[in-house]
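Right, one structure below, let's go through it.
Each value in this text was obtained by applying a stated rule to the coordinates, not by laboratory testing. The structure presented is a predicted model; accordingly, all values stated were derived computationally and were not measured. Don't worry about glycine lacking a Cβ; one is built from the backbone with ideal geometry, like all the others, and counts go over all protein chains shown.
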Amino acid sequence: MDWNKDGEKLNEPREGKRYTLVAEVKTPFGPPILCYCVHLEVFSGIIGRISQFSDILLDSTSNIQTHPYQLIFGDLNTLGHSIARLSPKFCRDRYRILSLGITESEWWDKNLFDWHLKDGEINLKLQSGGFKIFKSLFSLKNDCCLKEKELSIVTTLSGFPIDVLKSARNPGFYDPWSCTNDITIHNPNYFGLFKAKLDWTLLRGFDVVNRWIGNHDYNASDHKYLMVDIKFDDLQDMVDGKDKEIWEKRRIYWKNKTQENKKSGGIKNWVNFIGIISVGLVGLGILRLMKK
């Protein structure tokens with residue numbers, strides 16, 4: 001987003017760029033905590049927002065040895081779904097179509113947060129654009145490099161630059177809220193048709209003791225608030241390499257706890273199916289080009 005160029009057109013004249021605040025917070029209860037305060041770009045799309053967020057994950061990963069306990073809290077503006085897909089302001093890339101059938105927060109959870117740092121040097125889920133069929137067609141092996149021609153096709157297909165595919169790997173964060181049930185904004189400006197989970201409490205090295213969601217009447221803000229009561233994990237478990245195992249168990253636990261694994265209705269499944277078929281046809285066309 002070029003604010004100097006496009007800010008006036010959006011009736012939001014600004015200068016500069018968005019920044020993420022990061023600080024080391026010392027507490028009397030345990031080691032220092034590395035905390036990130038995030039507000040991602042709203043006038044973008046999935047590609048732009050995840051590209052921004054990949055810088056945070058890269059910084060987080062570089063500090064794990066000195067700061068294993070980390071938090072990423074903030075408004076990720078995961079709003080690229082529902083009627084927002086029709087807006088040239090809020091959905092500015094191909095995923096306004098390619099993510100049909102799921103919300104943007106679900107798309108992030110499945111394709112960004114579900115790829116652990118130890119799963120490979122490149123996030124294959126992002127590389128495939130969120131579709132398993134492309135993950136098979138363009139199998140990016142972690143121990144080899146792509147030819148320049150292949151790399152061009154892959155990045156064009158997914159829309160993510162190769163540096164983002166390398167940076168956008170989850171070093172162990174999980175969110176104890178449902179992507180679909182724990183809505184933090186329900187905008188009345190669109191006849192109540194638009195709602196989304198924009199806000200996240202991403203935790204690494206902590207267990208959730210309790211949690212709260214509030215401001216249901218939206219009197220204090222246009223967002224609901226999320227609050228978590230947490231305790232430190234055993235540092236020895238993290239040092240012994242059990243961090244991925246703990247992370248996987250917690251993701252499963254909170255999906256079950258928030259009923260996120262509950263199957264959606266038929267209409268949503270049909271829309272998702274149509275989206276997959278459409279993208280599959282594009283994939284077959286690309287395969288033919290590669291064979292020539």
Spatially proximal aspartates and glutamates relative to K5 (Cα-Cα < 14 Å; intrachain offsets below 8 disregarded): E15
Gain in span if fully extended, K231 to T61, counting 0.36 nm per residue against the direct Cα distance: 59.1 nm
In region 1-84, the trypsin sites (Lys or Arg not before Pro) that fall in loop regions by DSSP, at most 12 other Cβ within 10 Å: K9, K17
Pairs from K118/K195; K224/K249; K125/K224; K17/K249; K89/K242 whose Cα-Cα separation, in the structure shown, is over 32 Å: K118/K195; K17/K249; K89/K242
Calculated P(r) of region 1-127 - Cα pairs past 24 Å, %: 38 percent
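Take each of the peptides 196-206, 173-183, 219-229, average the number of other beta-carbon atoms within 10 Å over its residues, and list them starting from the highest. Present the calculation step by step, with values, prior to reporting the outcome.
On the way: 196-206: 23.1, 173-183: 20.9, 219-229: 13.1.
For the peptides 196-206, 173-183, 219-229, the packing ranking is 196-206, 173-183, 219-229.
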Rounded FRET efficiency, nearest 0.05, which uses the C-beta distance separating N4 from L193 and R0 of 41 Å: 0.80
Under 20 Å from the Cα of K9 - aspartates and glutamates, other chains or at least 8 residues apart: E41, D93
Given K110/K231; K110/K132; K110/K166, the pairs whose alpha carbons are separated by over 20 Å: K110/K231
Extension gain from R14 to S221, taking 0.36 nm per residue of separation minus the Cα-Cα distance: 72.3 nm
Charged-residue dipole, Cβ positions (Lys, Arg, Asp, Glu), region 2-107 about Cα centre, Debye nearest 20: 240 debye
